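Here is the structure we will look at.
Please treat every number below as a calculation from the coordinates, not as lab data. The model shown is predicted, which means the values in this text are computed figures rather than measured ones. No Cβ is skipped: glycine too gets one built from the backbone with ideal geometry, and neighbour counts run over all protein chains shown.
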Amino acid sequence: MVIEQLKAQYQTLSTDNLAALMALYAPDVEFRDPLHQISGQSQLHHYFEKLLVNTLSCQFDFHHSLIQNQQATLSWTMSFTHRQLNRQRPIYVEGCSWLQFNQLVYFHRDYFDVSTLLHDHLPVLGALSKWLKKRSGQ
């Protein structure tokens, strides 16, 4: 099944397995996350190449899957290390994906907290982001 194959490719995401990953997406795939809206397999491939160029490691651990009627919802934790973020220490991001598929995935939407992914790990902005989160919880 395409969803199990997709999960296997995301478990060790890198530029080395992009061709195998792209083979699971339809040529006219729609991909969305909180920062991007991408149309087409070639643009998606370019997005991943650009995303992974400074990434030292990236993997997804899947927790729950709900697959029904050619749709899937997957909850996950992404862990990655990046050359320029968090002093190259792992960053963990919780999220979920909504996928629509037939033989291939033609719609992929990711949901996650952007500040956990990026803002919390930048100089100055990271301190502000963490302070705002703490203050909003009081």
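Descriptive notes on the structure:
- Length-normalised contact order of the range 2-112 in % [C-alpha pairs under 8 Å, at least 6 apart]: 27 percent
- Remark: the F107-T73 segment gains 11.1 nm on full extension, using 0.36 nm per residue and subtracting the alpha carbon distance.
- Remark on Y106: its backbone amide H falls under 5 Å from those of A26, Q100, F101, a criterion applied only to residues 5 or more positions apart or on other chains, H modelled at 1.01 Å from N.
- Amide H contacts under 5 Å for S57, placed H, 5+ residues apart: T81
- Sites E4 and Q59, calculated FRET efficiency, Cβ-Cβ separation with R0 25 Å, nearest 0.05: 0.95
- Gain upon complete extension [T12, L35; 0.36 nm per residue less C-alpha separation]: 6.1 nm
- Based on the reciprocal of the average 1/r between different C-alpha atoms, the Kirkwood radius for the range 2-79 equals 13.3 Å.
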